[in-house]
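The values are calculated or read from the model by the stated rules, or taken from the named source; none is laboratory data. This one's a predicted model, so the numbers in the text were calculated from it and none came from an experiment. For neighbour counting, all protein chains shown are included, and Cβ atoms are generated from backbone atoms with ideal geometry for every residue, glycine included. With ligands, DNA and RNA removed, areas are computed over all heavy atoms of the protein, side chains included. Shrake-Rupley method; radii C 1.70, N 1.55, O 1.52, S 1.80 Å.
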Amino acid sequence: MIQKIDTYLNSITMYKITVYALCAIALLSIAYGFLGILPFNAISLIVSLSVIIITCYISNKICQKISNLPTNNDSWLISALILFLIIAPPDNYQSDILITIIASAIAIFSKYIFKLKNSHIFNPVALALLIIGIFGFGNSIWWVGSANLAIPVAILGFLVVRKIRQSGMVFAFFITTLVTISVFSLKNNIDIVKSIYEVVISWPTIFLGTIMLTEPSTMPATNLQRKIYGAVVGFLFSFQFSFGPIFSSPELAIVIGNVFSCLISPKQKTILAFKTKLKIARNTYEFVFEPDKKLTFLPGQYLELTLNTTTNDTRGNRRYFTIASSPTDTKVRFGIKFADAKGSSFKDTIFNLRADDKVLAGNLGGDFVMPKDTNKPLVFIAGGIGITPFISMIRYLTDTKEKRPITLFYANNTKNDIAYKDVLDQANKKLGLKTIYLLTNKNLVPKNWKGEVGYLNEEIIKKHVKNHKEQIYYLSGPNAMVDSYKNLLAKIGIPDKQIKTDYFPGF
Ligand SMILES: Cc1cc2nc3c(=O)[nH]c(=O)nc-3n(C[C@H](O)[C@H](O)[C@H](O)COP(=O)(O)OP(=O)(O)OC[C@H]3O[C@@H](n4cnc5c(N)ncnc54)[C@H](O)[C@@H]3O)c2cc1C
């Protein structure tokens, strides 16, 4: 079952999953409105949704024109749908259409106003709600937290979290929320079970933890930082406090969490000017960019690229790519694999970039980096284009002349799919890197092939790696490959803490 879900999720981009999930909740709410299941009538919900969508769309167009920066075509719609699910619809709770319009405009404009190095700081909807609250409109009733919507929100939220593989952060948020509520209930002699039930079912806990907390631009870069961020927001969300006129609220929890995230993991968005592309294997090219300012990152980390265009398929204009260059390089390079059949319009556009065309790079992240201890023996296992984080590390080690004990297994379908052979050959000579190539298509193995044939297995690992149980294993490649090699390592007794993974979805 979970495998089927993963295969489905792999075929859709992260932002589209979020848009589809939010549309589903919005439509269900309107249906509930017609059936009288929610305390609003369907017409006021439809009016609210229309006003918010129109205002967010127009505001986004204005901001795009003024800033002239590439923007994600799905972001404004995601903000609009989230706002719709939180703010009271007109004619209910004395809400006014003007307040809805103001909140929608603030949400979109805030992304362009409150930013650091081109990266927005605050969750746009949370900030808009906080501002209208401070001015006394008090409109954020978080009606998506209604008990009638809890199960659909939980299912759709689970899909979003599964897609972006952020269960650690979301788990930290839920645990902290539940612990805080339990302590509060104990202290005040309130029935703990009843309190927990209420927090999960009748508060916007699931929606906030799965859909809002996971906004990529406002979360920190590494898994540990993300877990701390989840816990901080969980605590602020469930802890009842007030400072003068300011009271605890879900939007305040997120906004304070965003400031915290910014402090522990400074944001940067960089404009990259396209320079050239070099063919490095069958259907695979290295794209070379000039950054507008020096990019700070660790070898093995990734960036999200946004193209300055709308795309004519449903996959959108943003993708994550691992940085294939070393931090010592003045250029920024990405190794990008193109589909055999008709690819996405994102890939068509990036393939046809012309000299000095601009691309926006942001949301730097990732823990797939080498350990601080340079003596730790490492085994890198790459499948196809999953070689890119290792290329960044190997280029860095070559540039800095830092030697580490590394064995690299590099699996490809055919010999023509092997990318970056020149970089690896050089590292084999200069750093003593041990590279073992594997060809998985047994029918297309050349006669004089000196590497291994078939998929990586226990026998091949033991043949090339001494003390195989003492190594740290790094797995990088398409989802199915990483999952199956993770199982293989578990079978040969490698503990989980000695395995690091980097998933390349979409293939
Ligand atoms: C952290 C991270 C790091 C990554 N690093 C890299 C990297 O270094 N290099 C890299 O190449 N990728 C990397 N990826 C994957 C990358 O982000 C894309 O998901 C991947 O390249 C697929 O791109 P695409 O969706 O444009 O599809 P394509 O590559 O164009 O196609 C992939 C498959 O989808 C099919 N397809 C394409 N468009 C459609 C459509 N409209 N409808 C139906 N099917 C379609 C194609 O036929 C093909 O089978 C990384 C992903 C993550 C999350």
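May I ask you to derive the relative contact order of the chain, considering only C-alpha pairs under 8 Å and at least 6 residues apart, and to give it as an integer percent?
The value is 12 percent.
Can you check how the C-alpha radius of gyration of segment 409-507 compares to 2.2 N^0.38 Å, as a plain ratio?
Here the answer is 1.11, to two decimals.
If you roll a 1.4 angstrom probe over the protein chains with everything in place, what fraction of the accessible area of segment 184-342 belongs to carbon and sulfur, to the nearest %?
Ligands and nucleic acids excluded, carbon and sulfur reach 62 percent.
Starting from the Cα of Thr330, step 7 Å along the direction of its Cβ; do the same at Tyr57; then give the gap between the two resulting points in nm.
4.6 nm
Determine ³J(HN,Hα), in whole Hz, for all residues of segment 271-283 in sequence, where each value follows from phi through the Karplus function 6.51 cos²θ - 1.76 cosθ + 1.60 and θ = phi - 60°; x replaces Gly and Pro.
3J(HN,Hα) across segment 271-283, in whole Hz: 8, 9, 9, 5, 10, 7, 10, 10, 6, 10, 5, 4, 6.
On a 0 to 90 degree scale, rounded to 10, what angle separates helix 192-201 from the longest Cα axis of the chain?
Roughly 80 degrees between the two axes.
Against the 2.2 N^0.38 Å scaling, with N counting residues, where does the chain land? I'd like the Cα-based Rg ratio to two decimal places.
Rg over 2.2 N^0.38 Å, computed on Cα atoms: 1.05.
Which angle from 0 to 90°, rounded to the nearest 10, does the C-alpha axis of helix 479-491 make with the longest principal axis of the chain?
On a 0 to 90 degree scale, this one is about 70.
Read phi for every residue in segment 151-156 and hand back ³J(HN,Hα) as whole Hz from Karplus 6.51 cos²θ - 1.76 cosθ + 1.60, θ = phi - 60°, with x for Gly and Pro.
5, x, 5, 5, 5, 5
Give the cross-link partners of Lys372 among the lysines, using a straight C-alpha distance below 19 Å as the criterion and excluding same-chain residues fewer than 8 apart.
Lys401, Lys403, Lys497, Lys500
Give me the net charge of Leu353's neighbourhood, meaning all other residues with Cβ under 10 Å from the Cβ of Leu353; Lys, Arg count +1, Asp, Glu -1.
Here the charged neighbours net out to +2.
For the full complex of protein chains and a 1.4 angstrom probe, list Phe122, Phe260 by accessible area with the highest value first.
Accessible-area ranking of Phe122, Phe260, largest first: Phe260, Phe122.
Using only the alpha-carbon atoms, how far is helix 75-86 inclined from the longest principal axis of the chain? Give it as 0 to 90 degrees, nearest 10.
40 degrees
Sort 395-403, 277-285 by packing, meaning the average of other beta carbons within 10 Å per residue, with the highest value first.
Result, highest mean Cβ count within 10 Å first: 277-285, 395-403.
With a sphere of radius 14 Å drawn around the Cβ of Leu156, what net charge do the other residues whose Cβ falls strictly inside it have (Lys, Arg +1; Asp, Glu -1)?
+3
Where does each of 124-130, 48-54, 240-246 land if you order them by average Cβ count within 10 Å, highest first?
124-130, 48-54, 240-246
When the helices in the chain are scored as -39500 (n - 2.57) per DSSP H run of 4 or longer and the sum is shared across all residues, what 222 nm value do you end up with, to the nearest 500 deg cm²/dmol?
About -14500 deg cm²/dmol.
Quick one: which of 155-163, 384-392, 430-438 comes out on top by average Cβ neighbours within 10 Å, and what's the full order, highest first?
Ranked from most to least packed, the peptides come out as 384-392, 155-163, 430-438.
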